[in-house]
């Protein structure tokens, strides 16, 4: 009887773990799709470019771009925007955070607005 109870608990935990993994896989897949849609906020992504723009959490936006130049050299630029009550800080390629200008803040706001509209339309249109 005790062995049966233990096995049922183990099976229940395994089922719960698989369900959590599926939920996390779905969440990550949706985030990757949102990032691709966001990467097109300022137009089509050129050939041999990868561009992502997405909201990581309620305070963080990320712009990531990779490309290969005509000489075959690979370039990677990642910009992380941290939205705080006192302003918006940015870090590029893991460097130090610095306050952004009001002009850049307006551009980020416009990009975020476009991102939200496009993601609603192109990713979550089935939910409306």
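Quick notes on this structure:
- Each listed q (0.12, 0.18 Å⁻¹) maps to a log10 I(q)/I(0) for the chain, found by the Debye formula over equal Cα scatterers with no solvent: -0.61, -1.05.
- Segments 45-52, 23-30 sorted - mean Cβ within 10 Å per residue, highest first: 45-52, 23-30
- Taking a ≥ b ≥ c as the square roots of the eigenvalues of the alpha carbon gyration tensor, the stretch 73-128 is oblate, as a/c is not under 1.5 and a/b does not beat b/c.
- The chain: angle of helix 102-122 to the longest principal axis, Cα-based, in degrees nearest 10: 50 degrees
- Gain upon complete extension [residue 68, residue 18; 0.36 nm per residue less C-alpha separation]: 14.1 nm
Bear in mind that the values in this text are calculations on the coordinates, not laboratory data. Bear in mind the structure is a predicted one, so any value in this text is a computation, not a measurement. Quick reminder, even Gly has a Cβ in these numbers, built from the backbone with ideal geometry, and neighbours come from all protein chains shown.
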